[in-house]
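Trainee: Once you've had a glance at the structure underneath, I'll fire off some questions.
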Amino acid sequence: MESMRARYGVPLGITAVGAAGIAYAAGFEVRSFRLRRVMVPVLPRGMRPLRVLQVSDIHMVSGQRKKQRWLQSLAGLRPDFVINTGDNLSDPEGVPETLDALGPLMEFPGAYVFGSNDYYGPKLRNPARYLMEKANGRHGLNGNPPAVGAIHNPWEELRDAFDTAGWVGLSNTRGRIKLEGLEIALTGLDDPHIKRDRYSEVAGGPESGADLSLAVVHAPYLRVLDAFTADRYPLILAGHTHGGQLCIPFYGALVTNCDIDTRRVKGLSTHQAGGHTSYLHVSAGCGTNRYTPVRFACPPEATLLTLTPGD
């Protein structure tokens, strides 16, 4: 009996710890919604601060009531405007609940881009594939074969509802949000993760006559960050990475699901290209793929960015 304890005691202990970690990741943290608050000094001198609420990677699945209520509650922040950086869906039946969750936020001025999961339903994947893709530098459709047999999500219903609410669609186009006495110019791209980005259609940098210009994209691929930064956009907003989703405490993310480095997988950082520097904010998002409903050391989030005058 003693020899059996010595032989199996450690493996059983490791199993117990692993099971507890999975229970925590799937039962608690994935529903432990947080608000990140960030200050970004990008406004011209003398301009009043602006409060921008960024929501991303909702990945709504029918029945996620707590997530719906939490998103609705964000309207209490009273932002100046809202930026939705895509991947709203993880269920073809999830459009009504997504719109119900975002309904109070759609009362504010806003803009949006779509991500791959707005267009296509998710597939069951081995999580180890993300590590293999990182190792060989292939992510999404960037270097991988075209998707076959993908489920098409009813993204047109989302687009029509957002447009009706007055949110500005930014898929490879420009738009403006008008506030009291201010105009915010926005330049957006469709999702680079599935090669829908067309920077040549929006190239040229910030617009003249606007009080502030921002760049918006779902997936923060380096080719996109380089282009926006070289064109001198002061701030780029993105999502997609889930903050790494399954992270190691005191170490951080293992993967980003694109070619950005893990150091900038979430939160505020900077990007340099063409002799210029832009701020970059990557949201860790508030959802997960329906087939991997777990988060560890990476709580779901939205971000309230307070834009202030720069030096």
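Trainee: Could you pull out the residue among Asp57, Asp118 that is at positive phi and in contact with an Asp or Glu (Cβ under 7 Å, 6 or more places away or on another chain)?
Mentor: On the way: Asp118 fails: at positive phi.
After ruling out the rest, the residue left standing is Asp57.
Trainee: Does Asp197 satisfy the condition of being more than 17 Å from Gln54 (Cα to Cα), in a loop (DSSP other than H, G, I, E, B) and either open to solvent by 50 Å² or more (accessible area, probe 1.4 Å) or not hydroxyl-bearing (Ser, Thr, Tyr) (or both)? Lay out the reasoning, then the answer.
Mentor: Details: more than 17 Å from Gln54 (Cα to Cα): yes; in a loop (DSSP other than H, G, I, E, B): yes; either open to solvent by 50 Å² or more (accessible area, probe 1.4 Å) or not hydroxyl-bearing (Ser, Thr, Tyr) (or both): yes.
When the stated conditions are applied, Asp197 passes them.
Trainee: Report those strands (runs of 3 or more DSSP E) wholly inside region 216-311 carrying at least 2 residues which are of a type outside the set (D, E, K, R) and over 15 Å from the mean Cα position of the chain (by Cα). Walk me through it before giving the result.
Mentor: Numbers: elements: 235-238, 267-273, 276-282, 301-309.
In region 216-311, 267-273, 276-282, 301-309 are the strands (runs of 3 or more DSSP E) which contain 2 or more residues that are of a type outside the set (D, E, K, R) and over 15 Å from the mean Cα position of the chain (by Cα).
Trainee: A further question on this structure: Can you find even one residue in region 155-165 that is outside any helix (DSSP H, G or I) and either in contact (Cβ under 8 Å) with a residue 24 or more places away in the chain or in contact with a strand residue (DSSP E or B) (Cβ under 8 Å, 6 or more places away or on another chain) (or both)?
Mentor: Going through region 155-165, the residues outside any helix (DSSP H, G or I) turn out to be none.
Looking for residues that are outside any helix (DSSP H, G or I) and either in contact (Cβ under 8 Å) with a residue 24 or more places away in the chain or in contact with a strand residue (DSSP E or B) (Cβ under 8 Å, 6 or more places away or on another chain) (or both), one finds none in region 155-165, hence no.
Trainee: What number of residues in region 247-272 are among the acidic types (Asp, Glu) and either open to solvent by 60 Å² or more (accessible area, probe 1.4 Å) or touching a His at 6+ places or on another chain (Cβ under 6 Å) (or both)?
Mentor: Looking only at region 247-272, we keep the residues that are among the acidic types (Asp, Glu), and these are 259, 261.
Applying the additional criterion that residues be either open to solvent by 60 Å² or more (accessible area, probe 1.4 Å) or touching a His at 6+ places or on another chain (Cβ under 6 Å) (or both) yields 259.
Residues flagged as among the acidic types (Asp, Glu) and either open to solvent by 60 Å² or more (accessible area, probe 1.4 Å) or touching a His at 6+ places or on another chain (Cβ under 6 Å) (or both) within region 247-272 amount to 1.
Trainee: Which one of these does Asp231 not meet: (1) under 29 Å from Arg48 (Cα atoms); (2) in contact with a His (Cβ under 6 Å, 6 or more places away or on another chain)?
Mentor: Of the numbered conditions (1) under 29 Å from Arg48 (Cα atoms); (2) in contact with a His (Cβ under 6 Å, 6 or more places away or on another chain), the odd one out for Asp231 is (2).
Trainee: Looking at the structure I just gave you, is Gly63 part of a loop (DSSP other than H, G, I, E, B), at positive phi and modelled with pLDDT of 95 or more? Even if it seems obvious, please write down each step before you answer.
Mentor: On the way: part of a loop (DSSP other than H, G, I, E, B): yes; at positive phi: yes; modelled with pLDDT of 95 or more: no.
For Gly63, the condition - part of a loop (DSSP other than H, G, I, E, B), at positive phi and modelled with pLDDT of 95 or more - is not met.
The values are calculated or read from the model by the stated rules, or taken from the named source; none is laboratory data. Every value quoted in this text rests on a predicted model; they were computed, and no experiment measured them. Ideal geometry is used to build each Cβ from the backbone, glycine not excepted, and the neighbour counts take in all protein chains shown. These accessible areas exclude ligands, DNA and RNA; they are computed on the full protein's heavy atoms, side chains included. Shrake-Rupley method; radii C 1.70, N 1.55, O 1.52, S 1.80 Å.
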